[in-house]
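The values are calculated or read from the model by the stated rules, or taken from the named source; none is laboratory data. Just so it is clear, the structure is predicted and the values come from calculations on it, not from any experiment. Here Cβ is always computed from backbone atoms with ideal geometry, including for glycine, and neighbour counts include all displayed protein chains. Areas reflect the complete protein model, heavy atoms only, side chains present, ligands, DNA and RNA absent. Shrake-Rupley method; radii C 1.70, N 1.55, O 1.52, S 1.80 Å.
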Amino acid sequence: MKEIVQRIKESVQVILDQKYGYKTEVNDILVNETKPEFRGNYTVVLFSIGKMLKSNPDSLGKGLGESLLEADRDLFAGFNVIKGFLNLEISDGLLLDFLHGQFQNPEYGVKPPNGRRVMVEYSSPNTNKPLHLGHLRNNFLGWSVAALYKANGYDVIKSCIANDRGIHICKSMLAWKLYAHGATPESTGIKGDHFVGDYYVLFGAELKKQVADLVATGLTKEQAEKNAPLTKGAQQMLVDWEAGDPETIALWKMMNAWVYAGFDVTYRRIGSDFDKIYYESETYLPGKDLVEEGLRKNVFYQKDDGSVWIDLREDGLDEKIVQRSDGTAVYMTQDIGLAVRKYEEYHMDQSIYVVADEQNYHFKVLKLICQKLRLPSAAGIFHLSYGLVELPSGRMKTREGTVVDADDIIDEMNKIAEQHTNELGKVDDFNPEERTELYDTIGLGALKFFLLRVDPRKRMVFNPDESIDFHGFTGPFVQYTHARIKSILRKETVGSYSANAYSALLPLEKELIIALEKYAALLQTACIEMNPSLVANYAFSLAKIFNSFYVEHSVGRAESEDKKQLRLRICLLTANSLKSAMGILGIRVPERM
RNA sequence: GGACCGGUAGCUCAGUUGGAUAGAGCAGCUGCCUUCUAAGCAGCAGGCCAUUGGUUCGAAUCCAAUCCGGUUCACCA
């Protein structure tokens, strides 16, 4: 069934053509929701049309309204014109048709397969430290965008690139070698990723000492940093690693295994999963063949020292290096190689990279280079650039210990969920397993909703001194609304409904059905814009309308059996939509809470 | 310095391709649990949409300039 807004636009288009001889595109017709202080549900804005027709908006509105009513009595129930705005009332019959058609459909809003494939890369952790709040935003966002694409009929591949090599990895390895005396996650009882992260931090602390000592002997800070034993040791370790030194490789494998074990626990908790994991240690070399190709195609050029560059000044950017003078690959080379490999494996139409906005420049360059190399993968590359999560004091910094650890914040959310739940005492009959699951559903729900409800492109602020809310515009609010509905549905049974016996829809009933009808269109918009926050906002506003409806009208003690059945159907569809919307955010909804 | 992003209530955020009196939540203040879950509902209060010009029937939204904040421009990843 066609969406209401679309039907209105098409009707207006036809009337404008037939009655006024004015041809216009459907998308040029502006249809808004009617502001609550006016009568009606949808509003056609007449100014631009009036201007084109050189006619007064008010008389145009009147004529248009009459014709619309005449032409489509199934859709329109009435209209009024105020100061250039044509407010249209949607007929109860149409809304009821929609409700009866969809209330039993748990997949309402989900589109059938469209034969297109998209890859979403997200998470991309470094294997030298545990995940923090910023990673969580990335994970939730990536997972949710993937879910949005699935709901819109795409075949989705979720991928992850593990940044498992490089100087930063060597730092934690060296610190462990020097200071751990053989300690392991098992021997200390510390989660593997945290264990390794501790040595990364230790490296920084010890390096600072060494630098201070060297500065005391008269070196500048830069010289000291360059010449400190730890710096040199880490660099040597990277050389050894690239040379395949067995001892270094063994250490690297062991420590990475610790980190992955830790990540697995966290990923499982937050529900992040991947269809394909790439490892930088396996992908960092192949890009070099493309450097050769680029030189042949004259896309790249070589400097006297042997380094290879691309000149992007004509595109408004700078010159960018793609291979060092010693012949080794840089970050960009790897990413070109990876892009090619992904495409060869999956032939996707679109390749989305969920990466922080610090790397806008990098991805601009990446796409440009791929285009210039005429790689088939180039067209689909899209950088979904999201803003960092900041503290009120600014950026989180590992070295200053201001990083909000992922595991810690999840634990804290669970604890708050537990506290609220126990205070309210509504699920005292739950067994321990059910309780644990509920705390997890609510705590994680609050956290995910908090991170996904704001526009991904924008930076956002997290204040660790104020705990994340469980009231108002939050995950638990939506979950609570769902549980409320489920409570009704446990007590009442959905039976038959005699359509001819209905009494006019009450304002809140109508408002709810109209809101429900918008879900399908919303899912599409959110996907096109790759913006889960639209889904979060929708879920919240739908829940809000339902709660108003809930206190105003009783379902179980409705005025008549038909009213009761009507409301039960509204309840069912609302519960389904809330569950579906939250599902796209990766948030479960409980039956009771 | 070049490029890009942002500045909306005390705080955190919405605000569709320009549309009606700029909206939520939190915090503050009032009310509402003997009937389906009060993690709720109803209400009050809170705004020079950074500033100044411009475009027009109409600007938080578009354009220009300025101010403030951020990111980036490495033979780091």
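Sort A:578-588, A:278-288, A:418-428 by packing, meaning the average of other beta carbons within 10 Å per residue, with the highest value first. Numbers along the way, then the final one.
Values: A:578-588: 22.7, A:278-288: 18.3, A:418-428: 12.7.
For the peptides A:578-588, A:278-288, A:418-428, the packing ranking is A:578-588, A:278-288, A:418-428.
Which of the aspartates and glutamates could a cross-linker span from A:Lys448 if the Cα-Cα distance has to be under 14 Å and same-chain partners fewer than 8 positions apart are dropped?
Those aspartates and glutamates meeting the cut-off are A:Asp407, A:Asp411, A:Glu412, A:Asp440, A:Asp469.
One quarter of the convex hull surface, Cα atoms only: what value does that give for the range A:4-90 in nm²?
Values: hull surface 19.0 nm².
If I average the Cα hull's projected area over directions, I get 4.7 nm².
Counting only helical runs of four or more DSSP H residues, what would the 222 nm mean residue ellipticity of chain A come to if each run contributes -39,500 (n - 2.57) and the total is spread over all its residues?
-18000 deg cm²/dmol
Pulled fully out, how much extra length does the chain show between A:Glu591 and A:Ser496, if you take 0.36 nm times their separation in residues and subtract their Cα-Cα distance?
On the way: separation 95, 0.36 × 95 = 34.20 nm, distance 2.44 nm.
Separation in residues times 0.36 nm, less the Cα-Cα distance, equals 31.8 nm.
What's the center-to-center distance, using Cα atoms, between the range A:23-99 and the range A:284-305 in Å?
Here the two parts' Cα centres lie 60 Å apart.
Starting at the first residue of the range A:122-128, write each ³J(HN,Hα) from the Karplus equation 6.51 cos²θ - 1.76 cosθ + 1.60 with θ = phi - 60°, in whole Hz, x for Gly and Pro.
8, 6, 5, x, 8, 8, 10
At a probe radius of 1.4 Å, what is the per-residue accessible area of A:Trp309, in Å² to the nearest 10?
50
For A:Ser144, A:Ser467, give the ranking by accessible area with the largest first, probe 1.4 Å.
The residues order as A:Ser467, A:Ser144, largest area first.
Between A:Arg268 and A:Glu222, what is the spin-label point distance in nm, taking each point 7 Å from the Cα along the Cα→C-beta axis?
Reported label-point gap for A:Arg268 and A:Glu222 is 4.9 nm.
Round to the nearest 0.05 the FRET efficiency obtained for A:Ile249 and A:Lys276 when R0 = 30 Å and r is the Cβ-Cβ distance.
Plugging the Cβ-Cβ distance into 1/(1 + (r/R0)^6) gives 0.80.
Relative to the Cα centre, what is the charge dipole magnitude of chain A, using +1 at the beta carbon of each Lys and Arg, -1 at the beta carbon of each Asp and Glu, and rounding to the nearest 20 debye?
980
Place the peptides A:533-543, A:344-354, A:161-171 in order of packing, highest mean first, counting for every residue the other Cβ atoms within 10 Å and averaging per peptide.
Numbers: A:533-543: 22.5, A:344-354: 18.5, A:161-171: 20.8.
Packing order, densest peptide first, comes out as A:533-543, A:161-171, A:344-354.
Quick one: of A:Lys253/A:Lys276; A:Lys83/A:Lys510; A:Lys150/A:Lys276; A:Lys288/A:Lys320, which pairs are farther than 18 Å apart, Cα to Cα? All intermediate terms of the calculation are to be shown ahead of the outcome.
Details: A:Lys253/A:Lys276 20 Å; A:Lys83/A:Lys510 25 Å; A:Lys150/A:Lys276 16 Å; A:Lys288/A:Lys320 15 Å.
Check vs 18 Å cut-off fails for A:Lys253/A:Lys276; A:Lys83/A:Lys510.
Cut-off under 12 Å on the C-alpha distance; same-chain residues fewer than 8 positions from A:Lys177 excluded. Which aspartates and glutamates are left, in chain and number order?
By straight Cα distance, A:Lys177 reaches A:Glu247.
What share of all Cα pairs of the range A:260-349, in percent, falls into each consecutive 5 Å distance bin?
3, 12, 18, 18, 14, 13, 8, 7, 6, 2, 0
Which lysines have a Cα lying under 18 Å from the Cα of A:Lys23, excluding residues fewer than 8 positions away in the same chain?
A:Lys9, A:Lys51, A:Lys54
What list of ³J(HN,Hα) values in whole Hz, one per residue of the range A:537-548 in order, does the Karplus curve 6.51 cos²θ - 1.76 cosθ + 1.60 (θ = phi - 60°) give from phi, with Gly and Pro shown as x?
These are the phi-based 3J(HN,Hα) values: 5, 5, 4, 5, 5, 5, 4, 5, 4, 4, 5, 5 Hz.
Sort out for me the Cα centre separation of the range A:119-186 from the range A:387-457, rounded to whole Å.
Between the Cα centre of the range A:119-186 and that of the range A:387-457, the gap is 20 Å.
So if R0 is 35 Å, what FRET efficiency would A:Leu30 and A:Gln350 give, r being the distance between their Cβ atoms, rounded to the nearest 0.05? List each step's numbers first, then the result.
Working: r = 30 Å, r/R0 = 0.85.
For A:Leu30 and A:Gln350, the calculated efficiency is 0.75.
In chain A, if the dipole is taken from +1 on Lys/Arg beta carbons and -1 on Asp/Glu beta carbons about the Cα centre, which of A:Gly189, A:Ala536, A:Gly425 is farthest to the positive end?
A:Ala536
Report the full-extension gain for the segment A:Phe382 to A:Asp429: residue separation times 0.36 nm, less the Cα-Cα distance, to one decimal in nm.
Between A:Phe382 and A:Asp429, full extension yields 12.0 nm more.
Over all directions, how big on average is the projection of the convex hull of the alpha-carbon atoms in the range A:406-584, in square nanometres?
Hull-based average projected area comes out at 12.1 nm².
Using per-residue counts of other Cβ atoms within 10 Å, averaged over each peptide, order A:332-339, A:101-108 from highest down.
So the peptides A:332-339, A:101-108, ranked by packing, come out A:332-339, A:101-108.
Under the Karplus relation 6.51 cos²θ - 1.76 cosθ + 1.60, θ = phi - 60°, what is the ordered set of whole-Hz ³J(HN,Hα) values for the range A:437-446, x standing for Gly and Pro?
5, 5, 4, 5, 4, 6, x, 5, x, 4
In square angstrom, what is the accessible area per residue of the range A:500-593 with a 1.4 angstrom probe?
Per-residue value: 37 Å².
Give me the compactness ratio for chain A, meaning the Cα radius of gyration over 2.2 N^0.38 Å.
This ratio for chain A stands at 1.18.
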